[in-house]
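Taking it in order: structure first as structure tokens, then the write-up.
FYI, it's all coordinate maths here, none of it is from the lab. In this text the structure is predicted, and so the values were computed from the model without any measurement. FYI the Cβ positions are ideal-geometry reconstructions off the backbone, even for glycines, and counts take in every protein chain you see.
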Amino acid sequence: MTLLRLEAASFMEAGAASLAPVSLEVSSGEIVVVEAPEIVAGAVLAHGCLGFLPPQSGQVWLFGERLAGRADAQLSHLRRRAALSTSSLPLLANQTVRDNIGIPLLMRGLPAAGTRSLVSALLERFGIEHCGLKRPHEITQREHELALAARALAVPADLVVLDNPRLPPAARGLLQDKIDAGSAVLAIVTHAALIPEAVRKIPVELA
Amino acid sequence: MLSTVALLVASARSAALLPAAARGVVRRTTFRQILFTGVEAIPLVVLIAATLGVLVIVQSAASLPDIGQAEFMGRLLVLLIGKELGPILVAFVVASRSGAAIAAELSTMKTRGEIDGLAGVGVDPLAVIVFPRVVGVAVAVASLTVVFITAAFVAGFGFAAASRASLTFAGLLTTLFRAMSLGDIAVAVGKSLLFGTAIAGLCAERGLAAKASSTEVPRMTLQAVVTALFACVVIEIVVTALTVDFGALTR
């Protein structure tokens, strides 16, 4: 089943980057890697995939629904099935790292006790257990990136979009867990050479 | 104004659909908002209330004959402070203080991308960020209005009893309870809840409307506070028009 489809979709975000038209499809149970020319371009594409940025041309379908012309309120039911991790959309500054990761789980009905233990396990797997009670301004940028990835991989999403993921070895198994469970992962990277040959890669260019 | 009403309705609907596990998050944020808006504003509110209570007594005592003063002062304080000035002055304090803080916080979150980041992991920002702030501010404004009225009466009556031998604190309190009706209390509390809801809703709406530039933060904050103050005046006029017996004015 196709979860995300871009059909010659180009994006432009003021102050960021302008992307040439790109076409891609992400289906259940697969990892798709997009090679972006620079980090900012990857963020623009990530925003476009979940409807935070309307396409300048072409179309975007998320879970079979066209995103064009829809307000945020109309996209919330689609975004509930997805999870996005990008440094351009940071953690909540007024919550601890632990709460930032836990809130999306609580919002999905996971009991508080279960959420606490799941978040603790995740923090340990990502090597940021010491950051749990700190707020985003008290951690490093790298720790922030890891917390964002942990938050996105924690929620039971059908589609996970990871912008420039640099996961520690202990956390990479989570991607396989997602695939095995029927979800899909779209990873946007700037160094595709680091990705195994067997993984499908799609290049994206600047406009 | 319509967009604010739509925001309030959408927030309430989103919050109502939250699973039980998520309600703790909303409760914590609501409690923190009540603490900031209500508890931390008590000293300022008490100061304003006490000053106003004494001023009303001073001005009315200077102009009134001795006979029947206690009855008149009680009714004046109930009408002026309890029903009219108390709720709107509290609203002005809250709009300038908490309204500005809510608008600044939400517009900063919006420009930094935190709101979209939350939406990107499937969390509805209205339920988690807007709804608890609206409830917290509404509860705080109603509570602060009670504090304001109490402080004004205590200060005013205390001053009156201390400055006029013919007046006693107990006597003034008796006239107060005679002058105050359940309707007066309902109007004061109801108006306060409306003020609080309008302030938080307008300031949240302005904050969320910020675009991706840091210059949006002060601009939206200023817009939010001015709009909130204006809305409080409009609400005051409408409620007064609905609750005052205009026939009595022409008798």
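Output wanted: per-residue J couplings in Hz (rounded whole) for the range A:55-61, from phi through Karplus 6.51 cos²θ - 1.76 cosθ + 1.60, θ = phi - 60°, x for Gly and Pro.
Once rounded to whole Hz, the list reads x, 6, 8, x, 9, 10, 10.
Run the numbers on chain B and let me know its relative contact order in percent, using alpha-carbon pairs under 8 Å that are six or more apart.
34
Cross-link partners among lysines for A:LYS201, C-alpha distance below 28 Å, same-chain residues fewer than 8 apart left out?
A:LYS178
Could you work out, residue by residue across A:104-113, how many beta carbons of other chains sit within 10 Å of that residue's beta carbon, and then give the average as an integer?
Partner-chain Cβ atoms within 10 Å, mean over residues of A:104-113: 6.
Among the trypsin sites (Lys or Arg not before Pro) in the range B:1-110, which ones are in a DSSP loop with at most 14 other Cβ atoms within 10 Å of the Cβ? Mind listing them?
Those that pass, being in a loop and sparsely packed, number zero.
Taking the Cβ of A:ASP72 as the center, what net charge do the other residues with Cβ under 10 Å away carry, scoring Lys and Arg +1 and Asp and Glu -1?
The answer is 0.
Report, to the nearest 10°, how far helix A:169-180 tilts away from the longest principal axis of the Cα atoms in chain A, using its own Cα long axis and a range of 0 to 90°.
60
Given the options B:ALA188, B:VAL121, B:THR30, identify the residue whose Cα lies farthest towards the positive end of the charge dipole of chain B (+1 on Cβ of Lys, Arg; -1 on Cβ of Asp, Glu).
So the residue we want is B:VAL121.
At most 10 other Cβ atoms within 10 Å and a DSSP loop assignment: could you name the trypsin sites (Lys or Arg not before Pro) in the range A:14-117 that fit?
none
Run down the lysines and flag those whose C-alpha is under 17 Å from the C-alpha of B:LYS83, throwing out any fewer than 8 positions away in its chain.
Cα-Cα hits under 17 Å: B:LYS191.
For peptide B:122-129, compute the average count of partner chain beta-carbon atoms within 10 Å of each residue's beta-carbon.
Other-chain Cβ atoms within 10 Å of each residue's Cβ, averaged: 6.
Quick check for me: using +1 on Lys/Arg Cβ and -1 on Asp/Glu Cβ, what's the dipole size of the protein assembly as shown about its Cα centre, in debye to the nearest 20?
Its charge dipole is roughly 820 debye.
Once amide H atoms are built 1.01 Å from N in the peptide plane, which residues 5 or more positions from A:VAL34, or in another chain, come under 5 Å H to H?
The list, which skips near neighbours in sequence, is A:ALA187, A:ILE188, A:VAL189, A:ILE202.
Can you find, among A:ILE101, A:PRO156, A:GLY114, the residue sitting farthest towards the positive end of the charge dipole of the range A:66-203, where Lys and Arg contribute +1 and Asp and Glu -1 at Cβ?
A:PRO156
Using the crude model of +1 on Lys and Arg Cβ and -1 on Asp and Glu Cβ, and no other charge, please compute the dipole size for chain B relative to its Cα centre, in debye to 20.
With only Lys, Arg, Asp and Glu charged at Cβ, the dipole is about 340 debye.
222 nm [θ] for the protein assembly as shown, helices only, -39500 (n - 2.57) per DSSP H run of 4+, per residue, to 500?
Only helices count here, giving -19000 deg cm²/dmol.
What per residue convex hull volume, in Å³, comes out for the protein assembly as shown when only alpha-carbon positions are used?
161
List the pair-distance distribution P(r) of chain B, using every Cα-Cα distance, as the percent of pairs falling in each 10 Å bin from 0 up to the bin containing the longest distance, rounded to whole percents.
All Cα pairs considered, the percentages come to 8, 28, 29, 18, 11, 5, 1, 0.
To test your reading of the geometry: what angle, between 0 and 90 degrees and rounded to tens, separates the Cα axis of helix A:39-49 from the longest principal axis of chain A?
The angle comes out at about 80 degrees.
Between A:ALA14 and B:LEU80, what FRET efficiency comes out of the Förster formula 1/(1 + (r/R0)^6) with R0 = 56 Å and r the beta carbon distance, rounded to 0.05?
The computed FRET efficiency comes out at 0.60.
Could you put B:CYS232, B:CYS203 in order, starting from the residue whose Cβ has the fewest other Cβ atoms within 10 Å?
Starting with the residue having the fewest Cβ neighbours, the order is B:CYS232, B:CYS203.
So if I restrict to the alpha-carbon atoms in the range A:73-150, what is the Rg, and what is Dmax, the biggest pairwise distance, in Å?
That works out to 12.5, 38 Å for Rg and Dmax.
With point charges of +1 on the Cβ of Lys and Arg and -1 on the Cβ of Asp and Glu, referenced to the Cα centre of the range B:1-96, which listed residue (B:ILE88, B:VAL54, B:LEU8) lies farthest in the positive direction of the dipole?
Sorting the options by dipole projection puts first B:LEU8.
So, with +1 on the Cβ of K and R and -1 on the Cβ of D and E, and no other charges, what is the size of the charge dipole of the range B:44-174 about its Cα centre, to the nearest 20 debye?
120
Can you work out the FRET efficiency for the pair B:SER181 and B:ALA241, with r the C-beta to C-beta distance and R0 = 25 Å, to the nearest 0.05?
About 0.85, to the nearest 0.05.
What do you get for the angle between helix A:141-154 and the principal long axis of chain A? Use alpha-carbon atoms, 0 to 90 degrees, nearest ten.
Between helix and principal axis, roughly 90 degrees.
Filter chain B for me: DSSP H helices, axial length by Cα at least 24 angstrom, mean Kyte-Doolittle hydropathy not below 0.5. List them by residue number.
Those that clear 24 Å and a mean of 0.5 are B:42-63, B:131-163, B:182-208, B:216-243.
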